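The values are calculated or read from the model by the stated rules, or taken from the named source; none is laboratory data. On a predicted model such as this, the values are computed, not experimentally measured, just so you know. Counting neighbours? That spans all protein chains shown, and the Cβs are built from the backbone with ideal geometry, glycine included. Surface accessibility is based on the protein's heavy atoms, side chains included, excluding ligands, DNA and RNA. Shrake-Rupley method; radii C 1.70, N 1.55, O 1.52, S 1.80 Å.
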Amino acid sequence: RRSPLLLGRIRPQKPEAEYELKFGKDEITASAFSFSYREPSSLVLGSVEGEIYKVSLREEENAVSGTLHPRQNRPNSDGAPAVASSAASGGSRLGRSHHGPVTRVDFHPATSSSPTEVADLVLSSSFDWTVKLWSYRYGAEIRTFEHASDFVYDVAWSPVHPSLFAAVDGTGRLAFWNLVKTTEVPVVSVRVCDVVPASYLGEDERKDDRRRGGAGGNAPVGSDVRVPALNRVQWSPDGKSIAVGDSNGTVIVFDVSESLAEPEPNDAALFYREANAWM
């Protein structure tokens, strides 16, 4: 219970700095952002227009430096961006990063021993039903993951497994991807309403569950059973648990099996090798 006395002591704080988000002359309507773990002055912004922008908060730069480009516009072989882009020159766009609003961007939680290629990896999710993997350094798309069949509302790297991430979508599905194992399909994909006991569901969800025939049942073809969308996913700091939030306001925490959560001895080296090859 909140204490009125304690709340009365809280004083409004002013931000340390404010930035006008523009790319050239265009204003950016930001929908998501993520700071680099290795370089806190660097971040990415996702926008409702589907673009993803590179941003520097260094005092000498203070600029949106450019967009991340679709895969057909990869960097040149010499490592330079396919088209140079900067706020000073007005920037340049080579098509939308996503074909719908960006719902989440997430920098890789690289450790101090991780290669730069890994520290520069960024995941993004979108209403266009996809998750994308990007190189912040080169401003280019590396992979597109198209397993979802609805809006992808959230995506997040595992804090301990270098090649593992989780995503949630509008069908109520939680998917785990291990990029060392495969980049084609998730290694685990479950519809949460099929594995959660009915006692944990809200009243509306329990009604839907009974209409399916109980927990674990499948909705009959042509039925109007409503499955709540999953719109948030969050790992525990040790990577052994994961929480998902749904459109009904329910938060469910799952234990992640050790075989999925813990990297195998060679996974880090394999992933570093793969990341280097992607560049």
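In region 252-274, the residues that are free of Cβ contacts under 8 Å to residues at least 12 places away in the same chain never reach a residue that is part of a loop (DSSP other than H, G, I, E, B) and open to solvent by 70 Å² or more (accessible area, probe 1.4 Å) with C-beta atoms less than 7 angstrom apart, at least six apart or across chains.
I'd like to check something: does region 190-210 contain any residue that is at pLDDT 95 or above, out of contact with any Cys (no Cβ under 8 Å at 6 or more places or on another chain) and either among the β-branched types (Val, Ile, Thr) or surrounded by 19 or more Cβ atoms within 10 Å (Cβ to Cβ) (or both)? Checking region 190-210: not a single residue is at pLDDT 95 or above, out of contact with any Cys (no Cβ under 8 Å at 6 or more places or on another chain) and either among the β-branched types (Val, Ile, Thr) or surrounded by 19 or more Cβ atoms within 10 Å (Cβ to Cβ) (or both). Residues satisfying the criterion are absent from region 151-159 (criterion: surrounded by 21 or more Cβ atoms within 10 Å (Cβ to Cβ) and modelled with pLDDT under 95). Checking each residue in region 240-250 for being surrounded by fewer than 17 Cβ atoms within 10 Å (Cβ to Cβ), closer than 17 Å to residue 191 by Cβ and not polar (S, T, N, Q) picks out only 243.
Do we find a residue being outside any strand (DSSP E or B), within 14 Å of residue 256 (Cα to Cα), in contact (Cβ under 8 Å) with a residue 40 or more places away in the chain and of a type in the set (S, T, N, Q) anywhere in region 160-177?
Within region 160-177, none of the residues are outside any strand (DSSP E or B), within 14 Å of residue 256 (Cα to Cα), in contact (Cβ under 8 Å) with a residue 40 or more places away in the chain and of a type in the set (S, T, N, Q).
Answer with yes or no whether residue 223 is hydroxyl-bearing (Ser, Thr, Tyr) and either at pLDDT 65 or above or open to solvent by 70 Å² or more (accessible area, probe 1.4 Å) (or both). No, not satisfied.
Condition check: buried (at least 20 other Cβ atoms within 10 Å of the Cβ), at pLDDT below 80 and not in a strand (DSSP E or B). Does residue 113 satisfy that?
no
Inside region 228-266, residues that are closer than 16 Å to residue 173 by Cβ, under 17 Å from the mean Cα position of the chain (by Cα) and in a loop (DSSP other than H, G, I, E, B) make up a count of 1.
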